[in-house]
1. Quick one: would you say A:F138 is in contact with a helix residue (DSSP H, G or I) (Cβ under 6 Å, 6 or more places away or on another chain) and in contact (Cβ under 8 Å) with a residue 12 or more places away in the chain?
2. Take the residues of region A:187-221 that are of a type in the set (D, E, K, R) and at the interface with chain B (Cβ under 10 Å from one of its Cβ atoms): which is surrounded by the fewest Cβ atoms within 10 Å (Cβ to Cβ)?
3. Which of the residues belonging to region B:227-253 are buried (at least 17 other Cβ atoms within 10 Å of the Cβ) and touching a residue at least 40 places away in the same chain (Cβ under 8 Å)?
4. For region B:259-285, which residues satisfy the criterion of being within 14 Å of another protein chain (Cβ to nearest Cβ) and part of a helix (DSSP H, G or I)?
5. Is it true that B:G115 is farther than 14 Å from B:H203 by Cα, assigned to a loop (DSSP other than H, G, I, E, B), touching a Leu at 6+ places or on another chain (Cβ under 8 Å) and not basic (K, R)?
6. Between B:T181, B:T210, B:T185, which is closer than 20 Å to A:K238 by Cα, hydroxyl-bearing (S, T, Y), surrounded by 14 or more Cβ atoms within 10 Å (Cβ to Cβ) and in contact (Cβ under 8 Å) with a residue 12 or more places away in the chain?
7. Could you tell me how many of the residues in region B:47-64 are at the interface with chain A (Cβ under 10 Å from one of its Cβ atoms), in contact with a helix residue (DSSP H, G or I) (Cβ under 6 Å, 6 or more places away or on another chain) and farther than 16 Å from A:D45 by Cβ?
8. Find the residue count for region A:377-395, including only residues that are of a type in the set (D, E, K, R) and within 14 Å of chain B (Cβ to nearest Cβ).
Amino acid sequence: MKRLLRGLLAATAFCASAALVGGGVDPAQATDLHTLVIGKSGDPDNLDPAVTMTNNSWTATYPAYERLVRFKVEDGRGTTEVEGELAESWTVNEDGTVWTFTLAGGHKFADGSPVDAEAVKFSFDRLLKIGKGPSDVFSSVEKVEAVDDRTVRFTLKEPFGPFLSTLVVDGAGIVNPAVMEHEVNGDMAQGYLADHSMGSGAFQVASWEKGQRIVMEPNPHYGGPEPFFEQVVIRIVKEATARRLQLEKGDLDIAEEIPVDQLSAMAEVPGVTIVDEPSFYVTYLYLNNERAPLDNVKVRQALSYAIDYQGIIDGILLGQGIQMRGAIPKGLWGHDPSVMQYEYDLEKAKALLAEAGVEDLKLSYLYAKTDPNWELIGLVLQQNLAPLGIEVELQEFAYPTMRDKLDTGDFDIAVGNWTPDYADPSMFMNFWFDSERHGLAGNRSFYTNPKVDELIREAATGSDQAERTKLYQEAQEIAVEEAAYVLLFQRNYQFAMRDDVEGYAYNPMLLQIWDFARMSKSE
Amino acid sequence: MSFLNIIRRRLVLLIFVVFGVSVVTFVISHMIPGDPARMMAGERASDETVAQMREALGLDRPLHIQYLTYVGDLLQGDFGVSIRTQRPVMDDILRFFPATIELAVAALLFAIVLGIPLGVLSAVAKDRGIDHLTRTLSVTGISTPAFWLGLLLIYLFYGQLGILPGSGRLAGNMSPPPFVTGFYTVDSLIAGDWAALRSALAHLILPALTLGFIHLGVVTRQIRSAMLEVLQEDYIRTAKASGLSRARIVLDHGLRNALIPSVTMIGLAFGDLLYGAVLTETVFAWPGMGNYVVESIAALDFPAIMGFTVVASTAYVLLNLLVDLTYMFLDPQIREIG
């Protein structure tokens, strides 16, 4: 019996130790000087610029392609103004419908062929023919013509003020026409570009092991200065704690999406730096303007006065954000620092509600788990509106269902986040307030005001920035006064980085996008 | 009933199971409100763009036509294109499914290889120190959340000791071995790439421990109680009386019989492991089906959901078949009487 016990014990111990050490130990290594390793929480969906709609994919696609224009970098900071990238100059006709670009020489695709006017025409034709999400911002484009090798002409169906700034988006990346060799069943090579790149950007996708990593290597024919990095690795590390640990140990150079409560602890770790910048990422409440009692402007105003904005920012964002002032966020041109801002004032709220002559209200609050803050905001709302005698019922749905309800207006109050696709106030003003965009398309409060419609539509077609700013600010004043939405906060964008990484220029329009070609590491 | 008959009958059953599951999943995933075309086109897209997408995805056609088209394609081995990733579902499944199976097999091996000796030990030394220890361990195993255990192991072995990797399937600077089975351990063995094999094994340890720990508890308890029962049987007493060694009695006569009920349990445990891998995969950034399915469901990506359901239900039926065959192998009575 003793012998048997001993034998079994030995077998158990052996198995346990074999399981622990038998596999051989290879702890992850610190990153190489000429390799940049980024840890992100989710796998990109698709790498075709004509298909993908997510910043998460743009981490790989944006540096792989060049566009006609790019955002200016001034004093190490990205701005929302554009300058030429592939284009060296451009002109626009009197009524803003014909844009003519002259291409700079010297830009080459990774196979060595030049980026010419044909390639630009091909890329936009392909984008529009595929007709998926990224084509939507170019719906005003009627045709693109290659006038000669270095001249390309865009004709628009109607004047579109933000046109130039739309050319910076990921979908406007110029694709090598040689990609058509990979076309299968008329798919315009979507199958191939889903996990390859064929651009003229500084880095090209070398491999993508789904769910694990994307490896990018320099474009040997890149038109700009030779990049410092010989390799960029985008690793998928789903769990935030694991990303944090790997960054702290030096296995990652950049860790995306670290929760705010962990960031402050990480800031204490030697070798780690936290990038913390104001963004255009805003969170706001949709008040259903078409449904009683929120169709009454006084009730909407009362709600706007009853909310403890700073409490939400301090309690939920741990102070990492600012209260919105107007719909156009701070930092974007057109922002009006003097527009009225609601503040927490319970007495005023009560008075407004009394004026409206309503009492014992019961309102639903629609949200999903998509953003963990949404539920917390709902709880604060419940508490904030209770003194007004308003009962808030939290209604949680799966996000696709929530979207459906937003589209049809089946809610009283709902919550949402918004980021602009291109750096133009129209992304806020025309989307949020135009009565033709009721529902998911943008005007999620179902707000209608003919005067506002008129102002913002005029602003959208103009091409003079000063004039457009004036029109937008006038419209904004009305819409804020009428409390179409509850404008909550503009949050900070944060990620953690090793402090030996240099050359990163933050741009609020390029979240999750790094200009690998301008970055380096010190020894 | 012969082995062949059983296999034949089960394969016919498989067709019905997969058909039934596919109809139910198809209907449910199309009934949930939410428009995948709008999801794909982007929330703010114009109605024209959304309509264009809906047409391209075939969503504008009646549901039964959509289903028939789907089944027609499926019979030709075409799982369709994922709405979320816009890549063929088959490609994704081929990448992600083997990773989950590899993890589940490793976890199960860990649970069995450690659980059976522990269970036997515990039964033989009933109510002694080692038994109490084992029972404590198995209760701990059953009640430890995988998420917490995973983070703890990462913190300890990767963060503090630095002897095991904390995430992924391979070291960051390595390329995976050429695709044959999709199991990195097997593929690196086939390719003779020892460095990749070592790395793949090292990356497998912590997730397999995490995922297997719950089942270690289950296996240990199951084997223990089965052993205790078997050891009371008359034939054990007979064996004892005829002077066989204690080891032979326990292992040959005891364990073999105690294993029979355990096989069913282990087969079911494997199914559990497949479905339960989601949390472990998340913690260890293991690129398996779990994450893929969760993201697909969140996006209402029904080609992907369908693809997974069809593959998983097939795997489940085949697994049950395997369990039954093992049963027959272990218990000659079943083989003969059937």
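The values are calculated or read from the model by the stated rules, or taken from the named source; none is laboratory data. Given the structure is predicted, the values throughout are model-derived calculations rather than measurements. Cβ coordinates were reconstructed from backbone atoms using ideal geometry, including for glycine residues, and neighbour counts include every protein chain displayed.
1. Working: in contact with a helix residue (DSSP H, G or I) (Cβ under 6 Å, 6 or more places away or on another chain): no; in contact (Cβ under 8 Å) with a residue 12 or more places away in the chain: yes.
Answer is no for this residue.
2. First, pick out the residues of region A:187-221 that are of a type in the set (D, E, K, R): A:187, A:195, A:209-210, A:213, A:217.
If we keep only those that are at the interface with chain B (Cβ under 10 Å from one of its Cβ atoms) as well, we get A:187, A:195, A:209-210, A:213.
On the way: A:D187: 15, A:D195: 19, A:E209: 18, A:K210: 20, A:R213: 27.
For region A:187-221, the residue satisfying everything is A:D187.
3. Taking region B:227-253 first, the residues buried (at least 17 other Cβ atoms within 10 Å of the Cβ) are B:227, B:230-231, B:236, B:239, B:249-250, B:253.
Residues satisfying the conditions are B:M227, B:L231, B:V250.
4. Of the residues in region B:259-285, the ones within 14 Å of another protein chain (Cβ to nearest Cβ) are B:277-285.
Across region B:259-285, the qualifying residues are B:A277, B:V278, B:L279, B:T280, B:E281, B:T282, B:V283.
5. Working: farther than 14 Å from B:H203 by Cα: yes; assigned to a loop (DSSP other than H, G, I, E, B): no; touching a Leu at 6+ places or on another chain (Cβ under 8 Å): yes; not basic (K, R): yes.
No.
6. Numbers: B:T181 fails: closer than 20 Å to A:K238 by Cα; B:T185 fails: closer than 20 Å to A:K238 by Cα.
Just a single option satisfies the conditions, and that option is B:T210.
7. 2
8. Filtering region A:377-395 down to residues of a type in the set (D, E, K, R) leaves A:391, A:393.
In the following step, the residues that additionally are within 14 Å of chain B (Cβ to nearest Cβ) were identified as none.
Here the count works out to 0.
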